[in-house]
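Reviewing the structure listed below.
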Amino acid sequence: MALFVATLATVLVSGLFWSQFVLLRTIENQQLVSQSRLLLRGALDWSRAILREDQRTTAQDTLSEPWAQGLEETRLDQLGETSALASLASLAGSIEDAQSRFNLRNLLSAEAQIDEYELDALRRLASLLQVPEAAADLIALRMQQAWRPRSKASDERAAGGGRGAPAPDDGPRPIPLVHPHDLYAVAGLDPKDATKLAPYVVVLDVPTPVNLNTATPEVMAARFERMTLAEARALARDRDRTYFVNMGDPRIDRFRSAGLPNERHISTGSRYFLVRGQVRLDRANTRMEALIRRGDRWEQPPRLLWQREL
């Protein structure tokens, strides 16, 4: 009986100790994640300061500028931090010009009508990436369905307490695309095609031109009506040696026969940037992605449009 009681007491105490250990470890993990998020928030503020200073000093945005270099995984104490946490945490991050990609918002006019010129450009991009051109039509239709304006009848019905028959275009709408990987939700689009397209597209809040100083050859070739991929790669090599100062650069003008777009479609500067960061802190590994929009003037601080954990 004494051995039985001793064994039972040991089992109960062991269970209590194990529950206490699990609880403490859970609290520690939550604390590590919270600290990692605070560090990522600081890194995001740092990136906004870098982009603001760049806007103050130069009118162009190029791949040779400090914001485009990225930060390899580095301990915080090597960056000048002196807190006890700095020796335990490491930070890595990068900034990507969002206007180096094809902006899907360009597909729609102010009245949410599909812009055929932009749709043709997306079809060319799909073809260059060995994706069926029909994928571009599916994406444009999804964008139009999500962004179409409500009818006057719908607004009047809402003001009158919901009375009256619904208008034909006031049915359920799909959730608007926000991130490039939202392409997987486009009805009829093959997931393999979505995987190929995602790194080359972005969804911004307004139509924007493509920055020729940062765009990939595929996006540049899609932006010109009759430019081949080989010509786009040659243009990118010229750009990497010496960036384009403005749209009057003769190296750009020589492609006029390829259907040179106007300044609504191409530029040498950008206002939208994708910021990515990663913090390793003991057992926690936290990653973040955010979209930042710079102001019209450098005095205006860059604005955070959205942020998500990866």
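Can you tell me how many residues in segment 35-63 are among the polar types (S, T, N, Q), open to solvent by 60 Å² or more (accessible area, probe 1.4 Å) and in contact (Cβ under 8 Å) with a residue 60 or more places away in the chain?
0
Anything in segment 248-293 that is open to solvent by 50 Å² or more (accessible area, probe 1.4 Å), among the acidic types (Asp, Glu) and under 24 Å from ASP205 (Cα atoms)? List them, or say none.
Passing the criteria: only GLU263.
Under 28 Å from ASP249 (Cα atoms), in a strand (DSSP E or B), under 24 Å from the mean Cα position of the chain (by Cα) and modelled with pLDDT of 85 or more, is that true of ILE50?
No.
For ASP238, are the conditions met, namely being part of a helix (DSSP H, G or I) and over 15 Å from the mean Cα position of the chain (by Cα)?
Yes.
Just one of the numbered conditions (1) assigned to a loop (DSSP other than H, G, I, E, B); (2) under 19 Å from VAL33 (Cα atoms) is not true of GLU263; which one?
The failed condition is (2).
Okay, residues lined up against (1) among the acidic types (Asp, Glu); (2) open to solvent by less than 20 Å² (accessible area, probe 1.4 Å); (3) modelled with pLDDT under 95; (4) part of a strand (DSSP E or B):
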| site | (1), (2), (3), (4) |
| --- | --- |
| GLU81 | yes, no, yes, no |
| ALA86 | no, yes, yes, no |
| SER90 | no, yes, yes, yes |
| GLU96 | yes, no, no, yes |
| GLN99 | no, yes, no, no |
| ARG105 | no, no, no, no |
| ALA110 | no, no, yes, no |
| LEU125 | no, yes, no, no |
| VAL131 | no, yes, no, no |
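Suppose we keep only residues that are open to solvent by 100 Å² or more (accessible area, probe 1.4 Å) and in contact with a Lys or Arg (Cβ under 8 Å, 6 or more places away or on another chain) within segment 297-308. Which one would you say is nearest to GLU96 (Cα to Cα)?
ARG303
Select from segment 230-267 the residues that are at pLDDT 85 or above and either among the acidic types (Asp, Glu) or touching a Leu at 6+ places or on another chain (Cβ under 6 Å) (or both) and list them in ascending order.
Selection gives GLU231, ASP238, ASP240, PHE244, ASP249, ILE266.
The values are calculated or read from the model by the stated rules, or taken from the named source; none is laboratory data. Note that the structure is predicted; figures quoted are calculated from it, not measured. Every residue, glycine as well, gets a Cβ built from its backbone with ideal geometry; the counts of neighbours run over all protein chains shown. Accessible surface is based on the protein model in full, side chains and every heavy atom, while ligands, DNA and RNA are left aside. Shrake-Rupley method; radii C 1.70, N 1.55, O 1.52, S 1.80 Å.
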